[in-house]
Every structure is written in structure tokens, then in C-alpha cells.
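Beneath this line is the structure, given in C-alpha cells, with notes to follow.
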Amino acid sequence: MKELLPGQFKNIHLFVLDPYDLVLSKLSRNIERDREDVKHLSRTLHLDPNVLRARYDAELKPCLIGPPERHDATLEFWLEAYFGKS
């Protein structure tokens, strides 16, 4: 998570998800709305597909519920379709 406006307020600290965390949070559901969000984030923020893959392998894959092949296939689809990685 990243802090918005650090030090701007005395008693308020606002945090937002890192863009890679946001993309990975959409992996399990993978409905049309999620795919559009991933497409938009990948193109507007120029996310690095290697960072996304590394974060998935290190942080998310060990904790996933359900068949890992499904999540692996979704990630591969996203990498090819939205990040231009083949």
C-alpha cells in the first residue's frame, strides 16, 4: 500500500493499493469488469509484466484457493492480451 499525501494531515493517513496489488486482486474473479480494469491499468500506468509475474509467484500463488492452473492461465492470458508479452 502507498500513502497518499504523506505528512499533509496531522491525524489522517490515507492509503491506496499498489497498482500491482489491484491487478492481482482481480485474478480470481476474472469477469469482464475485472479484465477491463486490468487492461486500463496496464496501459495507463505502463505496468511491468515481469513485476506482475514475480509478485504473483511470490505473494499470491502460494495462498490461492482453487486450482492453480486456472489462475496461471488467467495470468498468462492477461500478460499476452494486455501487456503485450508472449
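The values are calculated or read from the model by the stated rules, or taken from the named source; none is laboratory data. Every value quoted in this text rests on a predicted model; they were computed, and no experiment measured them. Quick reminder, even Gly has a Cβ in these numbers, built from the backbone with ideal geometry, and neighbours come from all protein chains shown. Remember, those area values only see protein heavy atoms, side chains included, never the ligands or the DNA or RNA. Shrake-Rupley method; radii C 1.70, N 1.55, O 1.52, S 1.80 Å.
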ask   = Residues of the range 29-65 being surrounded by fewer than 11 Cβ atoms within 10 Å (Cβ to Cβ) and either at pLDDT 95 or above or assigned to a helix (DSSP H, G or I) (or both), which ones?
value = 31, 32, 33, 44, 58, 62, 63
inquiry  = One residue is enough: does the range 60-83 have a residue meeting the conditions within 10 Å of the chain's Cα centre (by Cα) and β-branched (Val, Ile, Thr)?
reply    = no
message = Among the residues that make up the range 68-82, is at least one of them open to solvent by 90 Å² or more (accessible area, probe 1.4 Å) and of a type outside the set (D, E, K, R)?
response = yes
